[in-house]
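J.: After the structure tokens below, expect a handful of questions from me.
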Amino acid sequence: MITSTLKQILTDSGCTLVLYEQDRLANLYTDQSHQNDIVGLIVQPNTVTLEVKANSVHEHFPPVYVEVLQQVMLEDNADNNETKLQALLDICKEIVIRLIGLQMFRKVQPMTLTKILENRYDANMIGWSMPLDLYWINNRVNEPCDEA
């Protein structure tokens, strides 16, 4: 459920190509992007913590990393790259605003975004990596088990 929700949010926020990644082999996917694509990469979590509180179960995923990227030309100057980075940062802010607007999470934790530089991916991508630490408001009340 978290992946489909994030995919919709990324698309609504301005990402034109949304990809999923489990093993951080994103070079295979980002190489298929085009110069004008704004890529949203969702690095899916492999674990979830079930927290029992007040007779209910809360799902807490470890930070889900979302990367917002765009390919740049090798000959672009720093000013062009900074303009793209600011536009991608604005998309990251829009993603957070849409997450808050869903009201599906108990809390959206503060996050420190990390700049992605051109040498990380083969496709000469720049952008931002966002760790989303989300607490779902998907509670399930514990019911007594029938004893046989």
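J.: For region 33-85, which positions are assigned to a strand (DSSP E or B), in contact (Cβ under 8 Å) with a residue 60 or more places away in the chain and among the hydroxyl-bearing types (Ser, Thr, Tyr)?
T.: Keep residues of region 33-85 that are assigned to a strand (DSSP E or B), which gives 38-43, 49-53, 56-60, 64-71.
Adding the requirement that they be in contact (Cβ under 8 Å) with a residue 60 or more places away in the chain leaves 39, 52, 56-60, 64-68.
If the condition is that a residue be assigned to a strand (DSSP E or B), in contact (Cβ under 8 Å) with a residue 60 or more places away in the chain and among the hydroxyl-bearing types (Ser, Thr, Tyr), then 56, 65 are the ones that fit.
J.: Here are some residues: 69, 10, 6, 50. Which one is more than 14 Å from residue 130 (Cβ to Cβ) and at pLDDT 80 or above? First the steps, then the outcome.
T.: Working: 69 fails: more than 14 Å from residue 130 (Cβ to Cβ); 10 fails: more than 14 Å from residue 130 (Cβ to Cβ); 6 fails: more than 14 Å from residue 130 (Cβ to Cβ).
Only one candidate passes the filter, namely 50.
J.: If you take the residues of region 119-147 that are outside any loop (DSSP other than H, G, I, E, B) and at pLDDT below 85, which of them is farthest from residue 96 (Cα to Cα)?
T.: Residue satisfying both the conditions and the ranking: 141.
J.: If you don't mind, there's one more thing I want to ask. From the list 88, 99, which one is at pLDDT below 90, crowded, with 18+ Cβ neighbours inside 10 Å and in a helix (DSSP H, G or I)? Even if it seems obvious, please write down each step before you answer.
T.: On the way: 88 fails: at pLDDT below 90.
It is 99.
J.: Still on this structure, please answer the following. Give me the pairs, please: first residue somewhere in region 6-21 and within 14 Å of residue 95 (Cβ to Cβ), second residue anywhere and assigned to a helix (DSSP H, G or I) and of a type in the set (Asp, Glu), beta-carbon distance under 7 Å, and either six or more positions apart or on two chains.
T.: Filtered contacts from region 6-21: 13/94; 14/94.
The values are calculated or read from the model by the stated rules, or taken from the named source; none is laboratory data. Here the structure is a predicted model, which means the values were calculated and not measured. Here the Cβ is made from the backbone with ideal geometry for all residues, glycine too, and neighbour counts use every protein chain on show.
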